[in-house]
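*Asks:* Dumping the structure here so I can ask a few things about it.
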Amino acid sequence: MDINKDLVAASATPLVLAILAEADSYGYAILKRVSELSGGRLEWSDGMLYPVLHRLERLGYVSGTWATSDVGRRRKYYRITQRGREQLDAQRRQWQTVDAALRNVWSVLAAHATPDLLPQEC
Amino acid sequence: MAANTEALERHIAEWRAYVVRGRGMAGSDVEELEDHLRDEIGALTASGLAADEAFLVAVKRIGSLNALSREFAREHSERLWRQLVLGADDPGGKSPRTETAVVMVLAAAAAVAVRLPELFGLGLGPGSEEFYARNLSLFVLPFLTIYLAWKRGLGAAALARLLIAFAAAAVIMNLYPFQLQGQTLPLAAIHLPIALWLAVGVAYTGFRWRESSERMHFIRFSGELFIYYVLIALGGAVLSLLTAGMFRAIGLDAEELISRWLLPCGAVGAVLVGAWLVEMKPGVIENMAPVLTRVFTPLFVLVLVTFLATMVWTGRGIVLEREVLIGFDLLLVVVLGLLLYAVSARDPLAPPGLFDRLQLTLVVSALVVDAVALAAIAARISGFGFTPNRTAALGENLVLLVNLAWSAWLYSRFLRGRAPFSALERWQTSYLPVYAVWALAVVIVFPLVFGFA
């Protein structure tokens, strides 16, 4: 399924923050987790994750540190900050509102689609 | 297998060289991406792909490098090759030749505009200073706005909206019945360019002036334009001296030529040329403003701290003369400038360092000095009442004081790790309209309140 680009972009911040709230991580592992969480249906062009991470770092939501990975390469690890957690909370509330609104409208649509609930069309 | 690894390493090295050429990415970005690429290749070979296939798939998954370096450039806009990256494949890009022609025509137009009033008996010189004081910024800023609007591809409607602001300024400046020898006319003449600079900024950002990063670019642009302008002015002074000398050698006086043509036309034309140079070659002196701030911040700290210490040591108060208030305003402007350009050039991700502490010391000591001056001035005003000059200087002082005080607070939070540096950046960019609004108030409201005196 192709998910609209704007939707992908909008969900990137809460997804990345939530994944980092689970545990500190680095780019490649974050992408693996996104793919896991979405059952492989949310596809990012891999590289685009990094500008997102850098933006979050600039805004002070995550902090990055270079360290040596278990395979011996230098790797940049990201950790969520207190501000990042607050931002994640704010984003969660926003998405829940949107989600609730959509659920309501979906159920209304589903009801309309059932003919016996629409006597005027009988 | 060894041959395979070697080939893979070669591929990766080529890829890295290619990425480095894409200008949006700095060394650590590439390193981070390479780590990603190697992880991906590792996972793919583990699932059975050959090394070279894995490399191709991994590179493809990273995505279009062009799009990527543009994303990086957009995110790290403090890396100033942004213009180059964005300009390279910008479909609306202007060819350098057309741009040169446009700038030359506009500079010439500004030069003509400044000489035109002479046809109506308002030549440069004694008798018409008042006319030029009223209109000086209107000879050059509209042309600068036209150039920037053209460069940003703004439509005619957008440009018209900006030019209406200049027309309104012209109407106010020329219809207000200013009293000769009054204070409100010089005040309006000084503050008008500051207010109109906002219109230039709107054109510069292509009407995206609400975005903090765009405002930051405009701050950098202003600083670089100023530096270029000073350089051009120095060159112009040398040219004038040589011209005068050469003509004197053949027994002719070139003073008329210089003072009526070279000086005024050069002074307005140089603004256009300077703006064009900043736009064309953002790389040439992009580091000038930060270098100057690095040199002068420690020096100003030294002077201010010495001044405060001397004042405490000797117990001398500030002697209130006419110019004292303006002098302290200028001090705050310089400190603010040092702060602003240090902020604009700083890598927002770098951890707090020695220079940041120095910067905070500068701001705090300037605030202390200013508080002392303000107390003295308040006493004077309560004794002698408000005049336009005193009110304007006091207002400016407060506008600057609020900015610096809050900056000091944000800076100290940053030094204690409580807030990201971007908070300070955002504060500076969101404060910009305050200057314009205050300047506008001095131009429009002051003459009415003080009866054009």
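*Asks:* Each residue of the range B:222-233 in turn: what ³J(HN,Hα) in whole Hz from Karplus with 6.51, -1.76, 1.60 and θ = phi - 60°, glycine and Pro shown as x?
*Replies:* Per-residue couplings from phi come out as 4, x, 5, 4, 4, 5, 4, 4, 4, 4, 5, 4 Hz.
*Asks:* In addition: Show me, for the range B:175-186, the HN-Hα J-couplings you get by feeding each phi into the Karplus relation (A = 6.51, B = -1.76, C = 1.60, θ = phi - 60°), rounded to Hz, glycine and proline as x.
*Replies:* 9, 5, x, 5, 7, 5, 6, x, 8, 6, 5, x
*Asks:* Could you tell me the accessible area of residue B:241 in Å² (1.4 Å probe, neighbours in place), rounded to the nearest ten?
*Replies:* 130
*Asks:* Could you list the trypsin sites (Lys or Arg not before Pro) in the range B:388-430 that lie in coil according to DSSP, counting only those with at most 16 other Cβ atoms within 10 Å of their Cβ?
*Replies:* B:416, B:418
*Asks:* Let me spell out the model: positive unit charges on the Cβ of Lys and Arg, negative unit charges on the Cβ of Asp and Glu, origin at the Cα centre of chain B. What dipole size does that give, in debye rounded to 20?
*Replies:* With Lys and Arg at +1 and Asp and Glu at -1, about 840 debye.
*Asks:* Across the residues of B:417-425, average count of Cβ atoms on other protein chains within 10 Å?
*Replies:* Taking the mean over all residues of the peptide, I get 3.
*Asks:* Let me ask another. Can you tell me the dipole magnitude for the range A:32-76 around its Cα centre, using point charges on the Cβ only (Lys, Arg +1; Asp, Glu -1), in Debye to the nearest 20?
*Replies:* So the dipole magnitude of the range A:32-76 works out to roughly 140 debye.
*Asks:* Right, something else. In peptide A:54-61, what is the residue-averaged number of other protein chain Cβ atoms found within 10 Å of each Cβ?
*Replies:* 5
*Asks:* In this model, which of A:5/B:60; A:5/A:76; A:76/B:60 are farther than 24 Å apart at the alpha-carbon?
*Replies:* Checking Cα-Cα distances, A:5/A:76 exceed 24 Å.
*Asks:* Another question, if that's okay. Please list, ordered by chain and number, the residues whose modelled amide H lies under 5 Å from the amide H of residue A:25; skip anything fewer than 5 residues away on the same chain.
*Replies:* Under 5 Å from the amide H of residue A:25: A:78.
*Asks:* Could you compute the net charge surrounding residue A:98? Neighbours are other residues with a C-beta less than 14 Å from the C-beta of residue A:98; K and R count +1, D and E count -1.
*Replies:* +1
*Asks:* For chain B, what is the calculated [θ] at 222 nm in deg cm²/dmol (nearest 500), taking -39500 (n - 2.57) for each run of four or more DSSP H residues and dividing by its residue count?
*Replies:* -26500 deg cm²/dmol
*Asks:* Looking only at other chains, what is the average number of their beta-carbon atoms within 10 angstrom of each beta-carbon in B:33-46?
*Replies:* Mean shielding by partner chains, rounded to a whole number: 4.
*Asks:* Each residue of the range A:86-103 in turn: what ³J(HN,Hα) in whole Hz from Karplus with 6.51, -1.76, 1.60 and θ = phi - 60°, glycine and Pro shown as x?
*Replies:* 4, 4, 4, 4, 4, 5, 4, 4, 4, 5, 5, 4, 4, 4, 5, 4, 5, 4
*Asks:* Cross-link candidates for residue B:151: which aspartates and glutamates have Cα within less than 17 Å, leaving aside residues fewer than 8 places away along the same chain?
*Replies:* Partners found: B:89, B:90, B:99, B:214, B:279.
*Asks:* Taking the Cβ-Cβ separation of residue A:9 and residue B:16 as r and a Förster radius of 25 Å, what is the calculated FRET efficiency to the nearest 0.05?
*Replies:* Computed FRET efficiency for residue A:9 and residue B:16 comes out at 0.35.
*Asks:* Here is a follow-up. Counting Lys and Arg as +1 and Asp and Glu as -1, each charge on the Cβ, what is the dipole of the protein assembly as shown about the Cα centre in debye, to the nearest 20?
*Replies:* The calculation lands at about 800 debye.
*Asks:* Would you mind checking which residues have amide H under 5 Å from residue A:62's amide H? H placed 1.01 Å from N; only 5 or more apart, or other chain.
*Replies:* HN-HN under 5 Å from residue A:62: A:57, A:81.
*Asks:* So if a site counts as exposed when it's one of the trypsin sites (Lys or Arg not before Pro), its DSSP state isn't H, G, I, E or B, and it has at most 13 other Cβ atoms within 10 Å, what's the longest stretch of chain A without one?
*Replies:* That gives A:74-122 as the longest site-free run.
The values are calculated or read from the model by the stated rules, or taken from the named source; none is laboratory data. Since the structure is predicted, the reported quantities are computational estimates derived from the model, not experimental observations. Heads up, the Cβs are rebuilt from the backbone with ideal geometry, glycines too, and the neighbour counts pull from every protein chain shown. Note: accessible area is taken over every heavy atom of the protein model, side chains too, but ligands, DNA and RNA are not part of it. Shrake-Rupley method; radii C 1.70, N 1.55, O 1.52, S 1.80 Å.
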